[in-house]
Amino acid sequence: MDTPIPFSGSPLDREALRRRDRAWLEARLVDPASRYLPVWQAKPLLKREGGPLRELAWAKREFFADLDTPEPVLLGSSGGVAHFAVDVSVAEKPEVSFGIADVASFDDLRAAVALLPAADAAIAAHARTLVDWHARHRHCAACGGHTRSVSGGANRVCFDCQAEHFPRTDPVAIAVVVRGDRCLLGRGPGWPAFMFSALAGFVEAGESLEEAVRREVLEEAGVRVGRVAYLRSQPWPFPSSLMLGCIAQAESDAITIDASELEEARWFSRDALRAALAGRRGDLTVPPPFAIAHHLIRAWVETDAGEER
Ligand SMILES: [Zn+2]
């Protein structure tokens, strides 16, 4: 259960206190030691090396000095060096205009995560979510006025009505539903062949995590759920979810799928899932390790996670 969850575990100190000090922040913004992660249309800049592994391509301020970018957001610091993310989406053909086509590229994080060191994946997830939120919250939700970034991008404030707006995190309940030695997984329309995963859905307003699991599983698969045990969570930066992973105890067996949500749902044995996790079963694929569903399935297969005691 100690396997790190991809997209979590950033090594940066978020500087919760110092980031509110405008003088300190401005000094960091012009400090030649500060590092900037350029993000273009939600894609972080990654080094393009010879081998299959990638890493974040940190830049100096001069890299984007000619562009009219939003103020960089402070991700945190490490070893006394400030690390920012900067939205360079205004650039056209950025790899060409920045002259980096041979050494780096802006890449889709979901596609690249498996190739990134864990720390880089976590930093990129933080950067992607925060840059995206700022880009979509330039206007006040209360009065429509313009907003500005404050505290190094920790939140935004309206110029007109002074309302404060904070980056949103959308909770998603995701659960492997178990009954005895069997586990319920589903597959969505258009998924890769043989791929099954844990059932998931957004937690709705006025709903606990446990209630969200019970509602989602009943809606999607027609299965009644009793006890719900929270296991672990994962930030999911597409764009701003927090996956709340649970093991849920089913109280009924019969499956009735909601065809608008699922193409199929099925009960699988521990042995079948063990084989799928090991890549040994041709007719069943489970999500790869960058998805929390993989870790939930593994937790149930390998331990007694979520079992009634
Ligand atoms: Zn306002």
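Across the chain, the relative contact order, built from alpha-carbon pairs under 8 Å that are at least six residues apart, equals 17 percent. For trypsin sites (Lys or Arg not before Pro), the sites in region 1-88 that DSSP calls loop and that have at most 16 other Cβ atoms within 10 Å are ARG14, ARG48, LYS60. Considering the zone a paramagnetic label at CYS143 would reach in this model (a point 7 Å from Cα along the Cα-to-Cβ line), which residues of region 151-177 have amide N under 14 Å from it? Of the residues in region 151-177, 157-165 have backbone N under 14 Å from the label point off CYS143. Loop exposure criterion: GluC sites (Glu not before Pro), DSSP state outside H, G, I, E and B, at most 10 other Cβ atoms within 10 Å. Applied to the chain, the longest stretch between such sites is 93-307. What's the FRET efficiency of THR303 with ARG48 using the Cβ-Cβ distance as r and R₀ = 45 Å, to the nearest 0.05? So the FRET efficiency works out to roughly 0.70.
Inter-label distance, GLU251 to VAL157: 5.0 nm, where each label sits 7 Å from its Cα along the C-beta direction. Where the alpha-carbon atoms of the chain are placed on the principal axes, they occupy 61, 51, 35 Å, in descending order. Centroid-to-centroid, using Cα positions, region 86-101 and region 9-64 are 16 Å apart. Positive contributions from Lys and Arg (+1) and negative ones from Asp and Glu (-1), summed over other residues with Cβ under 12 Å from the Cβ of LEU53, come out at 0.
Charge tally around GLU164: other residues with Cβ under 14 Å, Lys/Arg +1 each, Asp/Glu -1 each, net +3.
Are there trypsin sites (Lys or Arg not before Pro) in region 107-143 that DSSP puts in a loop and that have at most 13 other Cβ atoms within 10 Å, and which ones?
Numbers: sites: ARG110, ARG128, ARG136, ARG138; in loops: ARG138.
Within region 107-143, the qualifying trypsin sites (Lys or Arg not before Pro) (loop, at most 13 other Cβ atoms within 10 Å) are ARG138.
Multiplying the residue separation of THR3 and ARG179 by 0.36 nm and subtracting their alpha-carbon distance yields 60.9 nm. Please label the shape of region 188-309 as rounded, prolate or oblate, based on the square roots a ≥ b ≥ c of the eigenvalues of the alpha-carbon gyration tensor (a/c under 1.5 means rounded; beyond that, a/b larger than b/c means prolate, else oblate). It is rounded, given that a/c, with a ≥ b ≥ c, falls under 1.5.
Since every read-out is calculated from the coordinates, none of them should be taken as a lab result. Source: prediction; values computed, not measured. Positions of Cβ are backbone-derived with ideal geometry, glycine not excepted, and every protein chain shown enters the neighbour counts.
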